[in-house]
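Engineer: Dropping a structure here in structure tokens format, bear with me for questions.
The values are calculated or read from the model by the stated rules, or taken from the named source; none is laboratory data. Model, not experiment: these values are computed from the prediction. In this analysis, Cβ positions are derived from the backbone assuming ideal geometry, glycine residues included, and neighbour counts consider all displayed protein chains.
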Amino acid sequence: MDTYYEYLRNYSQELGARIVEMYPPVQGPNDLIAAPIATLLRKPLPAQALTISGLAKHLKTACSVRIVGECGIGKTLMSMGVAHAHADGTPYSTIAMCPPHLVLKWAREVLITVPRVRAFVILCAIEHRAASIGEVFNTVSSQALTLRGYAEAMYRWFEREPRLSFAPFDQWKLGLEKGDAEISWGHIMRSSCVSIEKSRQRLGYSPRFSSLEAIQQSVAALI
């Protein structure tokens, strides 16, 4: 075998069994689905309902959870479902923080998903109300990175010298499953770079993490 892809394909069953043995799932396919899910106005798919139930169950003993998945799997719906299921019938308030272009989408989805809900779009920073009313601010990391920059930095983070090769996307995708290639292209074509100078000047905004620090923290949690 010459590639990770071939290795994972050949030993997927063994690897899957080992992962389940080492990390028993909080929610199994035969476990009961969280009862509050039935009250949602939009019904999650079976896999989404299972995920919501498991995350809500985990939050009984933990202070945070993460939903990780490619575009289109319903992370927004599942996030709402987790908050709703975790509340378990009691009144609750939830704050959703998302990129500016998704704010109204989140508000719309909340209104068509959660019963008897009110959604408020916060358009100003509380501590700088006069400077922020009616304004829109970007709150992202201070510097964008290219894919090459990410790759080289992560090589060095693992104390290795970068060894990269390059190919046009149409050629590179030939080594991927069709679905993986589409997801990769979706991220590449939508990658954005926006300025936070307005946020710095008017709100005193300063990112807590750089782009690399956020990626490294995420990778460290998986190791």
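Engineer: Looking at segment 164-172, is at least one residue in contact (Cβ under 8 Å) with a residue 40 or more places away in the chain and surrounded by 11 or more Cβ atoms within 10 Å (Cβ to Cβ)?
Structural biologist: So far as segment 164-172 goes, no, none of its residues is in contact (Cβ under 8 Å) with a residue 40 or more places away in the chain and surrounded by 11 or more Cβ atoms within 10 Å (Cβ to Cβ).
Engineer: Continuing with this model, one more query. If you take the residues of segment 68-99 that are loosely packed, with under 15 Cβ neighbours inside 10 Å and under 18 Å from Pro25 (Cα atoms), which of them is farthest from the chain's Cα centre (by Cα)?
Structural biologist: Only one residue tops the list, namely Gly69.
Engineer: I've got another one for you. Output the number of residues of segment 109-138 satisfying the condition of being closer than 25 Å to His187 by Cα and either of a type in the set (Gly, Ala, Ser) or at pLDDT below 75 (or both).
Structural biologist: Result for segment 109-138: 0.
Engineer: A further question follows. In segment 203-213, how many residues are of a type outside the set (Ser, Thr, Tyr) and surrounded by 13 or more Cβ atoms within 10 Å (Cβ to Cβ)? Walk me through how you get there before you give the answer.
Structural biologist: Within segment 203-213, the first condition is being of a type outside the set (Ser, Thr, Tyr), and the residues that meet it are 203-204, 207-209, 212-213.
Next cut, surrounded by 13 or more Cβ atoms within 10 Å (Cβ to Cβ) only: 203, 207, 212.
Adding up the residues that qualify gives 3.
Engineer: So which residues in segment 188-204 are over 14 Å from Ala144 (Cα atoms), out of contact with any Phe, Trp or Tyr (no Cβ under 7 Å at 6 or more places or on another chain) and not small (Gly, Ala, Ser), if there are any at all?
Structural biologist: Once the filter is applied, which keeps residues that are over 14 Å from Ala144 (Cα atoms), out of contact with any Phe, Trp or Tyr (no Cβ under 7 Å at 6 or more places or on another chain) and not small (Gly, Ala, Ser), segment 188-204 yields Met189, Arg200, Gln201, Arg202.
Engineer: Taking the stated definitions as given, is Phe120 over 30 Å from Ala56 (Cα atoms) and either touching a residue at least 24 places away in the same chain (Cβ under 8 Å) or exposed (fewer than 13 other Cβ atoms within 10 Å of the Cβ) (or both)?
Structural biologist: Judged against the criteria, Phe120 is not a match.
Engineer: Regarding Glu135, is this residue over 20 Å from the mean Cα position of the chain (by Cα), in contact (Cβ under 8 Å) with a residue 24 or more places away in the chain and in a loop (DSSP other than H, G, I, E, B)?
Structural biologist: When the stated conditions are applied, Glu135 passes them.
Engineer: Considering only segment 38-63, state which residues are over 21 Å from the mean Cα position of the chain (by Cα) and among the aliphatic types (A, V, I, L, M).
Structural biologist: Matches in segment 38-63: Ala38, Leu40, Leu41.
Engineer: Give the residues of segment 1-47 that are among the aliphatic types (A, V, I, L, M), closer than 27 Å to Thr90 by Cβ and touching a helix residue (DSSP H, G or I) at 6+ places or on another chain (Cβ under 7 Å), sorted by residue number.
Structural biologist: Val26, Ile33, Ala34, Ile37, Leu40, Leu41
Residue by residue, here is whether (1) closer than 24 Å to Tyr5 by Cβ; (2) surrounded by 14 or more Cβ atoms within 10 Å (Cβ to Cβ); (3) of a type in the set (Asp, Glu); (4) within 22 Å of the chain's Cα centre (by Cα) holds:
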position	(1), (2), (3), (4)
Trp106	no, yes, no, yes
Val110	no, yes, no, yes
Leu145	no, yes, no, yes
Tyr150	yes, no, no, yes
Met154	yes, yes, no, yes
Pro162	yes, no, no, no
Ala181	yes, yes, no, yes
Cys193	no, no, no, yes
Gln201	no, no, no, no
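Engineer: Report the residue count in segment 1-33 for those that are surrounded by 10 or more Cβ atoms within 10 Å (Cβ to Cβ) and not in a helix (DSSP H, G or I).
Structural biologist: Summing the residues that are surrounded by 10 or more Cβ atoms within 10 Å (Cβ to Cβ) and not in a helix (DSSP H, G or I) in segment 1-33 gives 8.
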